[in-house]
Amino acid sequence: MKKCRNLFFGILTMLIVLSLSGTASAHVGRVTKELEYRNIRVSLDGETLNLKDASGNHVEPFMFDGTNYLPVRALAETLGLDVTWDGSTSTIVLTSPTEPRNAVPTTPETIKGTTGKFQREIEYRNISVTLDGKELDFKNSAGNSIEPFMMSGSNYLPVRALAEALGLKVAWDGSTNTIRLSSVKTYIVTRVV
């Protein structure tokens with residue numbers, strides 16, 4: 001009886017240790033991924049967006065595991081949000097502007113995008129994202145949590161997850177390799193029949 005009890009506690013202890021280490025490794029660490037660039041464009045309400053990183057360089061989405069990724073800053077700033085990075089808490093802070101901004105910057109169709117597959121190291125750092133003080137929770141189409149990752153000093157998220165969290169509708173046009181974002185219009189009911 002004592003041997004069975006010791007065996008039971010040994011197995012239980014091992015399961016607890018494995019579950020805790022599995023959880024920690026899911027949120028932190030470096031991995032190498034094959035990224036695929038397909039000259040993917042992003043449009044908002046029919047206008048091609050001019051997406052730039054913090055240094056003002058043109059950026060474009062890439063794919064891995066069947067999902068399109070883009071720097072959080074590129075899409076958020078293009079949509080008029082202020083973006084800051086809190087390195088002490090690994091938090092991307094998005095805030096709505098206090099004053100209206102100019103129109104969304106668009107780009108001519110002449111910019112040639114990147115094509116090809118490249119091996120890149122990405123880093124998961126348990127990064128969180130807040131919008132106007134509220135933490136955003138990103139999910140994929142299956143309802144699973146999606147984590148931002150860092151690559152070459154920029155934080156990345158799936159375009160769909162970020163756009164939907166910001167209240168946009170998302171569609172993929174495979175014939176033109178374009179991610180089509182649409183503003184969601186809201187209406188106030190003033191009369192009910």
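What the table shows:
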item	result
Residue check for residue 89: open to solvent by 10 Å² or more (accessible area, probe 1.4 Å), modelled with pLDDT of 85 or more, assigned to a strand (DSSP E or B) and more than 18 Å from residue 122 (Cβ to Cβ)	no
Close pairs from the stretch 61-81: first in contact (Cβ under 8 Å) with a residue 12 or more places away in the chain, partner small (Gly, Ala, Ser) and part of a strand (DSSP E or B), Cβ under 6 Å, at least 6 apart	71/154
Answer residue from the stretch 30-81, given it is part of a helix (DSSP H, G or I) and open to solvent by less than 20 Å² (accessible area, probe 1.4 Å) and is farthest from residue 162 (Cα to Cα) among those	78
Neighbours by Cβ (under 6 Å, 6+ apart or cross-chain): first from the stretch 155-183, free of Cβ contacts under 8 Å to residues at least 60 places away in the same chain; second among the polar types (S, T, N, Q)	169/182
Near pairs, Cβ below 6 angstrom, 6+ apart or cross-chain, from the stretch 114-134 (of a type in the set (Asp, Glu)) to any residue that is at pLDDT below 95	121/30; 121/32; 123/30; 123/150; 132/95; 132/96
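The values are calculated or read from the model by the stated rules, or taken from the named source; none is laboratory data. Please read all numbers here as calculations on a predicted model, not as lab measurements. As a convention, Cβ positions derive from the backbone with ideal geometry for all residues, glycine included, and neighbour counts pool all protein chains shown. With ligands, DNA and RNA removed, areas are computed over all heavy atoms of the protein, side chains included. Shrake-Rupley method; radii C 1.70, N 1.55, O 1.52, S 1.80 Å.
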